[in-house]
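J.: Input: one structure, supplied below.
The values are calculated or read from the model by the stated rules, or taken from the named source; none is laboratory data. What you see is a predicted model, and the numbers here were worked out from it, not measured in a lab. All Cβ positions, glycine included, derive from the backbone under ideal geometry; neighbour counts span all protein chains shown. Note: accessible area is taken over every heavy atom of the protein model, side chains too, but ligands, DNA and RNA are not part of it. Shrake-Rupley method; radii C 1.70, N 1.55, O 1.52, S 1.80 Å.
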Amino acid sequence: TCAFPIVHFPAKSALYDFFARFGLVEEQSKTAKANIPRRFLVIEGVVWVLLTLAIALCPVNLGVVNDIVASTCGSLVIFIFPALMWWKFGPDTAATKLQIGLLLVVGTGIFFCGTIVTILSVVNGTSD
């Protein structure tokens, strides 16, 4: 389908920026932002397709995939990302830092517990 390249196209730039931030690739100037080296594009594209193929070939129940996505993305969107944004843009008070810490602890707990429970249900054969 055409959704595959549409979803992947913005990921290339984001991945390149991520690697540049940690010094793994050469950082582009602000004016030449769209000029990502061809070598990076080829390697990243091949790795992306191979990872997608490997995931598609795994005989996993779609309910398990849905459970993992729900536990990870749900905790990130509901708890962790808002806490990080509040930390960056919110008021700098002791009460705020306590609330941010609480959100991060709860979100991280749900993230790991949900993922572990889903993986254990697959290992034990109790998944739907």
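J.: Computing the accessible area with a 1.4 Å probe over protein heavy atoms, can you report the carbon and sulfur percentage for the range 9-128?
T.: 73
J.: Next up: Calculate one ³J(HN,Hα) per residue across the range 111-125 by plugging θ = phi - 60° into the Karplus curve 6.51 cos²θ - 1.76 cosθ + 1.60, and present them in order as whole Hz with x for glycine and proline.
T.: Result, rounded to whole Hz: 4, 6, 5, x, 5, 5, 4, 5, 5, 5, 5, 6, 5, 7, x.
J.: On to the next question. Counting only heavy atoms of the protein chains, get the accessible area per residue of the range 63-102 (1.4 Å probe) and round it to a whole Å² value.
T.: 69
J.: If you don't mind, another one. At R0 = 25 Å, how high is the FRET efficiency between A54 and E26 if r is their beta carbon distance? Nearest 0.05 is fine.
T.: In this case the efficiency is close to 0.30.
J.: Another question about this same structure. Which value in nm describes the separation of the simple spin-label points at T108 and V47, placed 7 Å from the Cα toward the beta carbon?
T.: The two pseudo-label positions are separated by 2.6 nm.
J.: Extension gain N35-T126, at 0.36 nm per residue separation less the Cα-Cα distance, in nm?
T.: Separation in residues times 0.36 nm, less the Cα-Cα distance, equals 27.9 nm.
J.: If I stretch the segment between K88 and I116 completely, what's the gain in nm (0.36 nm per residue apart, minus their alpha carbon distance), one decimal?
T.: Between K88 and I116, full extension yields 7.1 nm more.
J.: Using the Karplus equation 6.51 cos²θ - 1.76 cosθ + 1.60 (θ = phi - 60°), what ³J(HN,Hα) coupling, rounded to whole Hz, does each residue of the range 64-76 give in order, writing x for Gly and Pro?
T.: Each residue of the range 64-76 in turn: 5, 4, 4, 5, 5, 4, 5, 6, 7, 5, x, 5, 5 Hz.
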